[in-house]
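Visitor: There's a structure below that I have some questions on.
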Amino acid sequence: MDGDKLLDAARQEEAKLRSSLAQHPDYVKLQQVQRLIAVYEAYEDKVQSITDAAQAPVSPKVSGAGGGVASRRSEKLHAAEDWTYSFLKEKGVRMPSGDLYAYAEAAGHVFGGAVPSRSYASFLSNSKRFNNIRGLGYGLSHWGDSPGPNAKVPLAEAINQITGAFTSAMERAKAQSESANPPEGGLPYEDIEPSQTK
């Protein structure tokens, strides 16, 4: 038998087996389950693609007479902003603007100005998608004051941050209570000596 005859014989055997199996109730049930799985997987894929699209960074579109220098500059800034957002989201930690600039430059983003790294820092500062925390660097605005979801903060530093925040809150509360005006003549218990309370 040459190759074509062998392939034809195999296809005929396959057709016979499919015909025979199609009559078996378990095979019919298997096909129904496979269709159900395919429908469910297609539904999950659609839901996932909708979820991904909803979470994707959004860049405002530039309106106006297209093709000008300003629109090309704006497109480049939006591309850099989207890249920076994705980069920080992937890394999950805050970074100083100088480090971010080096990565952005390596990724092919170009910034003008006398000192391009300062232009980039200014660009980050003016975007609502990023915020800068002194000592930690730039991160995504929705991270708040945290160092980022993937930041590894040593235990001692974490304790110092918590203690510092607590101390600051206590000092603010004390300053607010001291700034409140006491009643005229002072508080009623200020004139009492400890020996008079016995």
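Visitor: Quickly run through the range 135-170 and pick out the residues that are at pLDDT 85 or above and farther than 26 Å from M95 by Cα.
Guide: Residues satisfying the conditions do not exist here.
Visitor: Go through V115, V62 for me and flag whichever is at pLDDT 85 or above, of a type in the set (V, I, T), more than 21 Å from S141 (Cβ to Cβ) and over 22 Å from the mean Cα position of the chain (by Cα). Give the derivation first.
Guide: On the way: V62 fails: at pLDDT 85 or above.
The match here is V115.
Visitor: Restricting to the range 92-119, name every residue that is surrounded by 14 or more Cβ atoms within 10 Å (Cβ to Cβ), in contact (Cβ under 8 Å) with a residue 24 or more places away in the chain and farther than 22 Å from A151 by Cβ.
Guide: Correct list: H109, F111.
Visitor: Would you check if there is a residue in the range 15-30 being assigned to a helix (DSSP H, G or I), surrounded by 10 or more Cβ atoms within 10 Å (Cβ to Cβ), modelled with pLDDT of 80 or more and in contact with a Ser or Thr (Cβ under 6 Å, 6 or more places away or on another chain)?
Guide: no
Visitor: Show the residue pairs that are 6+ apart or on different chains and have beta-carbon atoms under 8 Å apart, the first residue being within the range 1-13 and without any contact (Cβ under 8 Å) to a residue 40 or more places away in the chain, the second being loosely packed, with under 10 Cβ neighbours inside 10 Å.
Guide: Note: pairs meeting the criteria are A9/M1.
Visitor: Confirm whether N132 is at pLDDT 65 or above, touching a Leu at 6+ places or on another chain (Cβ under 8 Å), surrounded by 11 or more Cβ atoms within 10 Å (Cβ to Cβ) and not β-branched (V, I, T).
Guide: Working: at pLDDT 65 or above: yes; touching a Leu at 6+ places or on another chain (Cβ under 8 Å): yes; surrounded by 11 or more Cβ atoms within 10 Å (Cβ to Cβ): yes; not β-branched (V, I, T): yes.
So N132 fits the description; yes.
Visitor: Quick check, is S146 surrounded by 12 or more Cβ atoms within 10 Å (Cβ to Cβ) and more than 16 Å from the chain's Cα centre (by Cα)? First the steps, then the outcome.
Guide: Numbers: surrounded by 12 or more Cβ atoms within 10 Å (Cβ to Cβ): yes; more than 16 Å from the chain's Cα centre (by Cα): no.
Considered against the rule, which asks whether it is surrounded by 12 or more Cβ atoms within 10 Å (Cβ to Cβ) and more than 16 Å from the chain's Cα centre (by Cα), S146 comes out as no.
Visitor: If I ask for residues that are within 21 Å of L136 (Cβ to Cβ) and surrounded by 15 or more Cβ atoms within 10 Å (Cβ to Cβ), which ones from the range 81-91 would you list? If you could, list the steps in order and put the result at the bottom.
Guide: Going residue by residue through the range 81-91, those that are within 21 Å of L136 (Cβ to Cβ) are 81, 83-91.
Result: E81, W83, T84, Y85, L88, K89, K91.
Visitor: When the range 31-50 is examined, which residues are found to be polar (S, T, N, Q) and either modelled with pLDDT of 70 or more or loosely packed, with under 10 Cβ neighbours inside 10 Å (or both)?
Guide: At the first step, the residues of the range 31-50 found to be polar (S, T, N, Q) are 31-32, 34, 48-49.
Answer for the range 31-50, where residues must be polar (S, T, N, Q) and either modelled with pLDDT of 70 or more or loosely packed, with under 10 Cβ neighbours inside 10 Å (or both): Q31, Q32, Q34.
The values are calculated or read from the model by the stated rules, or taken from the named source; none is laboratory data. Owing to the predicted nature of the structure, the values given are computational and were not obtained by experimental measurement. Every residue, glycine as well, gets a Cβ built from its backbone with ideal geometry; the counts of neighbours run over all protein chains shown.
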